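Student: Have a look at this one.
The values are calculated or read from the model by the stated rules, or taken from the named source; none is laboratory data. From a predicted model like this one, the values you see are computed outputs, not experimental measurements. With ideal geometry, Cβ positions are generated from the backbone for all residues, glycine too; neighbour counts draw on all protein chains shown. These area figures cover heavy atoms from the full protein model, side chains too; ligands, DNA and RNA do not enter into them. Shrake-Rupley method; radii C 1.70, N 1.55, O 1.52, S 1.80 Å.
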Amino acid sequence: MGARHFEAGDTLLQSGVTLPAVRLAYAVHGTLNAARDNAILYPSHYAGTHADNAWNIGPSRALDPEKYCIIVPNLLGNGVSTSPSCPPPGMASADFPAVTMLDTIQLQHRLVTEVFGITRLALVTGHSMGAQQAFHWGALYPDMVARIAPFCGSARTSRHNFLFLEGIKAALTADAAWNGGRYATPPVTGLRAFARVYAGWAWSQAWFRERLDMQVLGLPSLEAFLAHAWEPHFLAKDANDL
C-alpha cells in the first residue's frame, strides 16, 4: 500500500529549532466509521516504514482492516517522511536537526485530529520504537487513547540500550567515507559494520543457542545470517537517516 502525505508545514521542535515544510508519510488500512471511533494508530519502528508494519494487518489478524481503520505513520527520519535523506529545500542532510519522541507524538496527534477528525483512538500499538511511541501516546494524551498495546519495547530507553546505540553509531561513523555526514558516496564499510553489530542485539541468546537462524530461516551459518539477513537491510538505508 502506497504512502499518503500530511503536509504539516513549518514545525517547531522541542529543541526550539523550526523544521520547515514537514511531510509526514502514512498509510491507511480499512475505513474510518461514521462515529470515528474505530481508529488504530500503528507507528513505524526504528529504520522501518509503513510497509514493514503490514505483516500484522489483515482480515482475521490482530489488526483487522475489515473492523478498524489502521493508520500507520512513518517516523521522521525513516526516509519516507521528512528525513536527512529527503530534507526540506535548502537543508543539507548532515544539518538535519534532532527530533525527540515528543516531537513525533505531537506531529502524529496533528495527523489524526487535522486529517481524520479523530477525537479518540481505539488503540495505539507498535513494537520496538513503535512500542515507545505507544507508551508516549498513553502518557501525553491519556484522554484520547482508549488503550495501548506496546510490544517488544520500553517506555524509556535504558542506559544499557544507550550504550548499544553508541556502539552502532561509532561503527557507522568510523568509516572514513562518513565525512561528518557529508559523504559523496555511501559509507558502505560503516553501514556493513553497523548491520553486523546490530544483528547481535536484535535476536535473543536463546534464538542462537537453539540455532533458530538455521532452523527457521534456513541459513547455513552465522556468516550467512549476517550477509543475507542483515547487511542488505542496512546497506539499503541512507546513513544519515540511521
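Student: From the phi angles alone, apply the Karplus equation (6.51, -1.76, 1.60; θ = phi - 60°) to the stretch 131-137 and give each ³J(HN,Hα) in whole Hz, x where the residue is Gly or Pro.
Tutor: 5, 4, 5, 4, 4, 5, 4
Student: Could I ask something else about it? Which GluC sites (Glu not before Pro) in the stretch 144-225 sit in a loop by DSSP (not H, G, I, E or B) and have at most 12 other Cβ atoms within 10 Å of their own Cβ?
Tutor: When the GluC sites (Glu not before Pro) of the stretch 144-225 are filtered for loop state and at most 12 Cβ neighbours within 10 Å, Glu210 remain.
Student: While we're here: Figure the gain on full extension for Glu7 and Ala174 (residue separation times 0.36 nm, minus the Cα-Cα span) and round it to one decimal in nm.
Tutor: Stretched out fully, the Glu7 to Ala174 stretch lengthens by 56.5 nm.
Student: Here's something else I'd like to know. Quick one: ranking Leu12, Leu121 by accessible area, 1.4 Å probe, largest first, what do you get?
Tutor: If we order Leu12, Leu121 from most to least accessible, we get Leu12, Leu121.
Student: Given a 1.4 Å probe and the protein chains all in place, what does the accessible area of Arg23 round to, in Å² to the nearest 10?
Tutor: Counting only protein heavy atoms, Arg23 exposes about 100 Å² to solvent.
Student: Can you tell me how much longer the chain between Asp52 and His233 gets when fully stretched, taken as 0.36 nm per residue apart minus their C-alpha distance, in nm with one decimal?
Tutor: Value of the extension gain: 64.0 nm.
Student: Semi-axes, largest first, in whole Å: what does sqrt of 5 times each Cα gyration tensor eigenvalue give for the stretch 77-153?
Tutor: 26, 15, 10
Student: Moving on. In square angstrom, what is the accessible area per residue of the chain with a 1.4 angstrom probe?
Tutor: 51
Student: Restricting to Cα pairs below 8 Å that are 6+ residues apart, what does the relative contact order work out to for the chain? Please round to a whole percent.
Tutor: 17
Student: Would you report the distance distribution of C-alpha pairs in the chain as whole percents per 5 angstrom bin, up to the bin with the largest distance?
Tutor: 1, 6, 12, 16, 18, 17, 14, 9, 5, 2, 0, 0
Student: Percent relative contact order of the stretch 1-123, based on C-alpha pairs within less than 8 angstrom and at least six residues apart?
Tutor: Value for the stretch 1-123: 29 percent.
Student: While we're here: Please compute the Cα-Cα pair-distance distribution of the stretch 130-213 with 5 Å bins starting at 0, giving whole percents from short to long.
Tutor: Over the stretch 130-213, the share of Cα pairs per 5 Å bin runs 3, 13, 15, 14, 15, 14, 12, 9, 4, 1 percent.
Student: Let me ask something else about it. Set Lys and Arg Cβ to +1 and Asp and Glu Cβ to -1, take the dipole of the chain about its Cα centre, and tell me which of Val124, Gln205, Thr173 lies farthest positive.
Tutor: Of the candidates, Gln205 comes out farthest on the positive side.
Student: Another question, then. Stretched out fully, how many nm does the piece from Leu163 to Ser15 gain, at 0.36 nm a residue minus the Cα gap?
Tutor: 51.0 nm
Student: Return the sequence-ordered ³J(HN,Hα) values of the stretch 85-95 in whole Hz as given by the Karplus equation 6.51 cos²θ - 1.76 cosθ + 1.60 applied to θ = phi - 60°, using x for Gly and Pro.
Tutor: Whole-Hz 3J(HN,Hα) from phi for the stretch 85-95: 6, 9, x, x, x, x, 9, 6, 3, 5, 9.
Student: With only Lys, Arg, Asp and Glu charged, each at its Cβ (+1 for the first two, -1 for the last two), find how big the charge dipole of the chain is about the Cα centre; round to the nearest 20 debye.
Tutor: 300
Student: Taking the full set of protein chains and a 1.4 angstrom probe, give the accessible area of Tyr141 in square angstrom, rounded to the nearest 10.
Tutor: Rounded to the nearest 10, the figure is 60 Å².
Student: Sticking with this structure for a sec: Whenever you get a sec, compute what percent of the accessible area on the stretch 112-162 sits on carbon and sulfur atoms (1.4 Å probe).
Tutor: 55
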